[in-house]
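Here the structure is laid out as structure tokens; the discussion comes afterwards.
The values are calculated or read from the model by the stated rules, or taken from the named source; none is laboratory data. Model, not experiment: these values are computed from the prediction. Cβ coordinates were reconstructed from backbone atoms using ideal geometry, including for glycine residues, and neighbour counts include every protein chain displayed.
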Amino acid sequence: MTDSFGFRSLHPFTILLYYAGGITFGMLLFHPLILLAGWAAAVVVNLHLDGGREWRRWTVPMAVGCLLILLMNPILSHRGRTVLYYFGDMPITLESVVYGMTLALSMLNLLTLFITYRLVMSEQKFLFLFSRLSPKAALVAMMALGMVPRLRRRLQELMLIQRSRGITVTEGSLAQRARNGTRIVGTLLSWTLEDALQTADSMQARGYGTGRRSGYAGFRFRSRDMWTVSALTACAVLLLGVWASGYGFMKVYPNLGSFRLITGDQVALAGYITYLLLPLGWEWRDRKSWRTLKYKM
Amino acid sequence: MAHFKIQNVTFTYPEERLPALSDVSLSVAPGEFVVLCGPSGSGKSTLLRLLKREVSPGGRMSGSILLNDSPLHEWTSREAAAMVGLVMQNPDNQLVVDTVEHELAFGMENFGLDRDVMRRRMAEMAGFFGLEPLLGRRTDELSGGQKQTVNLAAVLMLQPRVLLLDEPLAQLDPLAARELLAMIKRLNDEWGISVIMCEHRLDDLLPLADRVVRLDCGRIVFDGKPRDFAAEAWNRNDADWISALPSITRWAIEQGPQAFVEPPISVKEARLWLHKRGNPTQYAREHSNSTVEPTRHGEPLLSADQIFFAYDKHSPAVLRGVDWQIRRGDWGVLFGGNGSGKSTLLQLLAGIRMPQRGSVKWGKAPLSRKHSKEQIGAIGYLAQSPVLHYAHDTLLEDLKHAANRAGIQDAEQEARAMADRFGIAHLLTRHPHDMSGGEQQIGALAMILLAKPQMLLLDEPTKGLDPQAKKRLATYLKNIHTQGTTILMATHDVEFAAAYANRCSLLFHGEIVADGEPEPFFRGEFVLHHTYAPAAERTC
């Protein structure tokens, strides 16, 4: 799916709001079951956006991170009344194990959601938001983006030719290689700076710095953004209300409470899941239109 | 409508004694197409930059420059920037941001235009230049010609009335150069934009221009119609003037003064003129000026044996089974369109890249088995951008490094001797990046020759050189060749090739499709004949 359909078709501002809320609630709510459900929802979002390809690429780092938290928390924190086991003279408590588990879930939840951020918030959308904050900084970011491939290509060319002159980082003693390496990078930089003067001329020639700048990249705030923002806000208000009245937590310390979800927690769970899955509504809607089209043809 | 009036301008760079421009007066009418020519260092670039306030060099200036009757420095910065557009030589360095669409919008953003206005202009300009399919592309993926087209379009987004062009064609291959030139001519014809253009090569330019202005040592020495310029050059009989003429005009001039009343300045005119005089082919054949005897039976020195090469696993092969020999004593020229793999083939032959299939052989042994020390004594390779060959702070150090590597005992003395031989002794303490393109090229050539290679590979050695620099390069290469070095160069410059080479080959679609002595080679190829018409006309 391209930028014109589904979740990706939303305005950068809407997307930013979604992720800001998603991350905030992922941290505020602290109940293993709610977080587990949230994680499942984030996975569903991933699956919808690219069939979970990007998510699978991150599986190992995420698993390692969670495992670390899962292990470290009981070792470092000895709060809690129910001692499960003595590791030497170190008590491992049930409470800190559960706390670690919840923390790991919370992190997993945020990371999984953040992977979709990279899919939905394209470079252009990000720069659009950024240029609202600071047009100059956005321009610098854009120039840097243009510069990276140019530098990389030049370095390759330079290394190829310099190797034929015996200036290379693949032969000779370590000291020699280091010297050659700095020589090549130095040449690359002075060459690039020299050229940057021409780039500066080209910018000046096109009136850079003659006054207020405007931004070309445009995203229209459409009715579907309006709907999404309203629905997200409604969910957020509900969630904040529930959270402020003390629901959506599980009591862990000093002694473990019940896993059972009481009514308030259930509302928090429902609100959170709805919030996370909301933008997928557009994904479903747009897919359906393709199906309908196919039947007609 | 805008016009420039330059009155008695004298300009001196800081810390220079002699002025770069002295007492220059020139007036450019609205909608005029003016070509500024002259040897390197004649002040044509300085003059052009003085007309664009934002990039004017610092220094002392007397006299005045009026744009629409008010002094240039009195214009508000926004109006001045919008009124006069500038496109420079290097296609890469003028690009500021990452994608084509952003690049085109950049100037309009600087002017704080509304998004609606920007979109409308973008639509108009992209349509005119046929850039729509490129809008979403990253600028670094484009070809040189496309980049320069984007640069031109980006400047035009501000709707300038005067377009200043500082050698915009120098870095382009002939085909891309012609396309860009046609675009510039259309802008001049249809939109009435005044064009002031600096260029060394007047080949395609002379028939298009309304006026030619020649500068020499900071003074205007000619200002008039293109045809008069050709006649003036002939009357003066000065090599510098004549070398600036289109090759077809030069050829006609060489036929003798009685041959024409008005010198032809385009191929079409020359054809008509020949037609009037009788059989053109017979006439031309007498005049073939290939000076070197071909080597038909020399032993193969360097050979490509069924070479296949691709840049990565997923991209299509650039070379598809090249089977080719270069014999001792050859001065070979490799032709081929953009992206036909000329540069790649040279790099493979030089041993700095390895083919995925097939092998390169030096004599009878595969090149890859040779030690790198032996290789540099055998093959010298000069890259398309000579700046790549430098890695030290002065030319002397780079030469010394090259001499050391070649195993020369007294490196410094040898380096200095080499510099003397190539007439670059005065540049020895200069930083390589401060030298001009032509100087960098000669310097890099000197570095390579310190190793006394038996074979010299050159990748587009004449690109961006003015006629004088080209002539110098040719003299050096001729010397080297006479001393027994085999030369192979990839080029678009048919004229240069025809004058010196004794063997021509054409690379197409990853294979060598034509190979032979220059005369039959050029006569047989209908397409080449047309692509490179003026020069080919001259030789066959």
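Here are the numbers for the structure shown:
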read-out	value
Qualifying positions in the stretch B:388-399 - more than 11 Å from every other protein chain (Cβ to nearest Cβ) and either crowded, with 22+ Cβ neighbours inside 10 Å or among the β-branched types (Val, Ile, Thr) (or both)	B:Thr394, B:Leu395, B:Leu399
Of the criteria (1) more than 14 Å from every other protein chain (Cβ to nearest Cβ); (2) surrounded by fewer than 18 Cβ atoms within 10 Å (Cβ to Cβ), which one A:Glu123 fails	(1)
Test: residue in the stretch B:379-387 that is within 11 Å of another protein chain (Cβ to nearest Cβ) and β-branched (Val, Ile, Thr)	yes
Subset of the stretch B:479-497 (residues that are out of contact with any Lys or Arg (no Cβ under 7 Å at 6 or more places or on another chain) and small (Gly, Ala, Ser))	B:Gly484, B:Ala497
Checklist (1) part of a loop (DSSP other than H, G, I, E, B); (2) within 7 Å of another protein chain (Cβ to nearest Cβ) applied to A:Trp191, failing item	(1)
Residues of the stretch B:419-464 that turn out to be free of Cβ contacts under 8 Å to residues at least 40 places away in the same chain and more than 14 Å from every other protein chain (Cβ to nearest Cβ), as a count	12
Scan of the stretch A:12-47 for residues that are of a type outside the set (A, V, I, L, M), surrounded by 22 or more Cβ atoms within 10 Å (Cβ to Cβ) and more than 20 Å from A:Phe126 (Cα to Cα), ordered by number	A:Phe25, A:Gly26, A:His31, A:Gly38
Filter result for the condition that a residue is out of contact with any Lys or Arg (no Cβ under 7 Å at 6 or more places or on another chain), at pLDDT 90 or above and more than 26 Å from B:Leu202 (Cα to Cα), over B:Asn68, B:Asn90	B:Asn68
Selection status of B:Gly107, buried (at least 16 other Cβ atoms within 10 Å of the Cβ) and away from every other protein chain (no Cβ under 14 Å)	no
Residue count for the stretch A:200-247, restricted to those that are farther than 27 Å from B:Arg115 by Cβ and not in a helix (DSSP H, G or I)	3
Qualifying residue in the stretch A:109-128 (condition: touching a Ser or Thr at 6+ places or on another chain (Cβ under 9 Å) and free of Cβ contacts under 8 Å to residues at least 60 places away in the same chain)	no
Test: A:Leu84 is assigned to a helix (DSSP H, G or I) and not hydroxyl-bearing (Ser, Thr, Tyr)	no
A:Ser289 vs. criteria within 18 Å of A:His31 (Cβ to Cβ) and over 29 Å from the mean Cα position of the chain (by Cα)	no
Failed item in (1) part of a helix (DSSP H, G or I); (2) crowded, with 23+ Cβ neighbours inside 10 Å; (3) modelled with pLDDT of 90 or more, with B:Thr249 passing the rest	(3)
Residues being within 7 Å of chain B (Cβ to nearest Cβ), assigned to a helix (DSSP H, G or I) and not hydroxyl-bearing (Ser, Thr, Tyr) - total across the stretch A:154-187	8
Residue check for B:Leu113: modelled with pLDDT of 90 or more, at the interface with another protein chain (Cβ under 7 Å from one of its Cβ atoms) and in a loop (DSSP other than H, G, I, E, B)	yes
Residue within the stretch B:109-130 that is under 19 Å from the mean Cα position of the chain (by Cα) and either more than 26 Å from B:Val35 (Cα to Cα) or of a type outside the set (Asp, Glu) (or both) present	no
Residue in the stretch B:28-47 that is touching a helix residue (DSSP H, G or I) at 6+ places or on another chain (Cβ under 8 Å), among the polar types (S, T, N, Q), free of Cβ contacts under 8 Å to residues at least 60 places away in the same chain and assigned by TED's automatic domain parsing to the domain that holds B:Ile184 present	no
Failed item in (1) surrounded by fewer than 21 Cβ atoms within 10 Å (Cβ to Cβ); (2) in a helix (DSSP H, G or I), with B:Thr149 passing the rest	(1)
Residue within the stretch A:169-178 that is touching a Gly at 6+ places or on another chain (Cβ under 6 Å) and not acidic (Asp, Glu) present	yes
Failed criterion for A:Tyr272 (all others in (1) in contact with a helix residue (DSSP H, G or I) (Cβ under 6 Å, 6 or more places away or on another chain); (2) assigned to a helix (DSSP H, G or I); (3) closer than 21 Å to A:Leu105 by Cα; (4) without any contact (Cβ under 8 Å) to a residue 60 or more places away in the chain hold)	(4)
Matching residues in the stretch B:478-491 - criterion: being touching a residue at least 40 places away in the same chain (Cβ under 8 Å) and surrounded by fewer than 23 Cβ atoms within 10 Å (Cβ to Cβ)	B:His481, B:Gly484, B:Thr491
Close pairs (7 angstrom Cβ cut-off, 6 or more residues apart or separate chains): at positive phi in the stretch B:296-313, basic (Lys, Arg) and modelled with pLDDT of 90 or more anywhere	B:Gln306/B:Arg357
Residue in the stretch A:194-222 that is nearest to the chain's Cα centre (by Cα), counting only those that are at the interface with chain B (Cβ under 7 Å from one of its Cβ atoms) and under 30 Å from A:Thr168 (Cβ atoms)	A:Thr199
From the options B:Gly351, B:Gly358, B:Gly337, residue that is in contact with a helix residue (DSSP H, G or I) (Cβ under 6 Å, 6 or more places away or on another chain) and either more than 9 Å from chain A (Cβ to nearest Cβ) or surrounded by fewer than 23 Cβ atoms within 10 Å (Cβ to Cβ) (or both)	B:Gly351
Residue count for the stretch B:54-99, restricted to those that are within 9 Å of another protein chain (Cβ to nearest Cβ) and among the basic types (Lys, Arg)	1
Residue check, B:Ser25 within 30 Å of B:Ile242 (Cβ to Cβ), of a type in the set (Ser, Thr, Tyr) and either touching a helix residue (DSSP H, G or I) at 6+ places or on another chain (Cβ under 6 Å) or in a loop (DSSP other than H, G, I, E, B) (or both)	no
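Condition check ((1) at pLDDT 70 or above; (2) more than 17 Å from B:Glu199 (Cα to Cα); (3) aliphatic (A, V, I, L, M)) across all residues:
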{"residue": "B:Val221", "(1), (2), (3)": "yes, no, yes"}
{"residue": "B:Glu232", "(1), (2), (3)": "yes, yes, no"}
{"residue": "B:Arg236", "(1), (2), (3)": "yes, yes, no"}
{"residue": "B:Ala239", "(1), (2), (3)": "yes, yes, yes"}
{"residue": "B:Ile253", "(1), (2), (3)": "yes, yes, yes"}
{"residue": "B:Ile265", "(1), (2), (3)": "yes, no, yes"}
{"residue": "B:Pro280", "(1), (2), (3)": "no, yes, no"}
{"residue": "B:Thr295", "(1), (2), (3)": "no, yes, no"}
{"residue": "B:Ser303", "(1), (2), (3)": "yes, yes, no"}
